[in-house]
1. Can you name every residue in region 142-161 that is modelled with pLDDT of 95 or more and closer than 18 Å to Leu217 by Cα?
2. Which residue out of Ser386, Ser332 is touching a Gly at 6+ places or on another chain (Cβ under 9 Å) and of a type in the set (S, T, N, Q)?
3. Which members of region 299-327 meet the condition of being hydrophobic (A, V, I, L, M, F, W, C), in contact with a helix residue (DSSP H, G or I) (Cβ under 8 Å, 6 or more places away or on another chain) and open to solvent by less than 10 Å² (accessible area, probe 1.4 Å)?
4. Applying the selection to region 206-218, what residues are closer than 22 Å to Gly326 by Cα and either in a helix (DSSP H, G or I) or open to solvent by 40 Å² or more (accessible area, probe 1.4 Å) (or both)?
5. Anything in region 209-233 that is in contact with an Asp or Glu (Cβ under 6 Å, 6 or more places away or on another chain) and away from the ligand (no atom under 16 Å from the Cβ)? List them, or say none.
6. Under 9 Å by Cβ, and 6 or more places apart or on different chains, what pairs join a residue from region 391-409 that is in contact (Cβ under 8 Å) with a residue 24 or more places away in the chain with one that is open to solvent by 90 Å² or more (accessible area, probe 1.4 Å)?
7. Could you say which residue among Ser236, Ser206 is within 16 Å of the ligand (Cβ to nearest atom) and under 20 Å from Phe45 (Cα atoms)?
Amino acid sequence: MNTKKFLLQEKDIPTAWYNIVADMKTKPLPPLNPQTHQPMKEEDFYPLFAKELSHQEMNQTDAWIEIPEQVRDMYKIWRPTPLVRAYGLEKYLDTPAHIYFKNESVSPVGSHKLNSAIAQAYYCKKEGVTNITTETGAGQWGAALSFAAKAFGLELAVYMVKVSYHQKPYRRSIMQTFGAQVIASPSMSTKAGRKILTEHPNYQGSLGTAISEAVELAMQTPNCKYTLGSVLNHVSLHQTVIGLEAEKQMEMAGEYPDVVIACFGGGSNFSGLSFPFLRHKLVDNKDIRVIAAEPASCPKLTRGVFQYDFGDEAGYTPMLPMFTLGHNFSPSNIHAGGLRYHGAGSIVSQLRKDGLMEAVDIPQLETFKAATIFAQAEGIIPAPESSHAIATAIREAEQAKLEGKSKVILFNLSGHGLIDMAAYDQYIANDLQNYEVTDEEVARNVSQLEKII
Ligand SMILES: *Cc1c(COP(=O)(O)O)cnc(C)c1O
């Protein structure tokens, strides 16, 4: 009998997160103060984030950062997650490639987001914070943080991108069930929201706008911090539990991945799976390919520019060195709501610039085709976001077949799609389309950025 899944025990949950910056030869450029353009120090983040998270954000020296016992205890609810050999998919594709996926969809909220939500809520609570704010796109981060906030006794306000608020009403109910307050963004409750609604009354929102609103509320509320589900270094750090477990599980399988793949929104699940493997490349010169899969409608890594940019629409956040389409970029309403973000985190952006990783962009229809194949072969309905990784894994497996070569492929199943069935309905009814971004559109947007680099 061939082994189908590789399981670890509670005691194997990592005891430290991996901070890749410590091993990078070229460190990411520093974040800049949005007004003065001066490099920011750890303390400059304190008004916005918990102190320990600010420290992790700027830490360039410690490769390993201990996971607090209370966080590990919460991880035990669903971690370690399984590593699965996708025999069904291999058979369907008739490929010589061996395909593995790390199944992060088994978390209570259905995605990898809980790995960082638990950690952020823990540090906020520990520092005496009582209220937190955040934004959410498709609702995955909001759902994860709602549970984490409740677990640590924090009050949470979530700004949810309006298009998702209506497209994915059940994610809103999930957040409300966990006790969070959910506001459709743009809203009239903030200056940033009122400004954009006055200019564009029918604007359906974007992550960039929702971040502006959440930051504004946090800055104006006493004892309140802002939290973010992706992009930032400390978020990527927390997510490395995914890859650290996968590293052990690939060993159990007796194989080593030739290629590691994850979908890409701001970079958290990609970083989480890939950084522990990239470590082998940085430290041991190991030959391994790492691929980020982004939507063709929001292609910052493949077609954006490397430049300092804001994390949000209104320009409240620190400026980060990133591959970006420009913070004014308004992505099409694709169903992979978690991938509709204009920029990439600064660690990933530096790795991409240094040629240590690759990126591909995938049209929406190809992702749903891949999702359907995967669902039928493996019995799991994937999140529209994760389907970008699946489509890329399928491309790689088909390439292996063409070349008649064996290849070991590892991808991240960042979440399940059971609350995204309206999107599948549209695909089945032939009612979905691809969205292309023109070069002119990209050029127009990025030409508005200040040229700091
Ligand atoms: C949020 C989300 C993503 C995209 O965010 P990253 O930070 O790039 O990982 C991908 N998959 C799922 C299931 C998500 O919820």
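1. Listed by number, the residues that qualify are Gly142, Leu145, Ser146, Ala149, Leu154, Glu155, Leu156, Ala157, Val158, Tyr159, Met160.
2. Numbers: Ser332 fails: touching a Gly at 6+ places or on another chain (Cβ under 9 Å).
Exactly one residue qualifies, and that residue is Ser386.
3. Listed by number, the residues that qualify are Leu301, Met322, Leu325.
4. As a first pass, look at region 206-218 and keep what is closer than 22 Å to Gly326 by Cα: 206-216.
Hits for region 206-218 are Leu207, Gly208, Thr209, Ala210, Ile211, Ser212, Glu213, Ala214, Val215, Glu216.
5. Of everything in region 209-233, those that are in contact with an Asp or Glu (Cβ under 6 Å, 6 or more places away or on another chain) and away from the ligand (no atom under 16 Å from the Cβ) turn out to be Thr209, Ser212.
6. Listed by first residue and then by second, the contacts come to Ala391/Lys369; Ile394/Lys369; Ala400/Ser406; Lys401/Asp94.
7. Working: Ser206 fails: under 20 Å from Phe45 (Cα atoms).
Residue meeting the stated conditions: Ser236.
Rundown of residues vs (1) in contact with an Asp or Glu (Cβ under 9 Å, 6 or more places away or on another chain); (2) crowded, with 19+ Cβ neighbours inside 10 Å, yes/no style:
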residue: Phe374; (1), (2): no, yes
residue: Ala377; (1), (2): yes, no
residue: Ser386; (1), (2): yes, yes
residue: Ile390; (1), (2): no, yes
residue: Glu398; (1), (2): no, no
residue: Ile409; (1), (2): yes, yes
residue: Asn412; (1), (2): yes, yes
residue: Asp431; (1), (2): yes, no
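The values are calculated or read from the model by the stated rules, or taken from the named source; none is laboratory data. These numbers were taken from a predicted model, which means no experiment stands behind them. Because the Cβ atoms are built from the backbone with ideal geometry, glycine has one as well, and the counts that use them run over all protein chains shown. All accessible areas refer to the heavy atoms of the entire protein, side chains included, with ligands and DNA or RNA removed. Shrake-Rupley method; radii C 1.70, N 1.55, O 1.52, S 1.80 Å.
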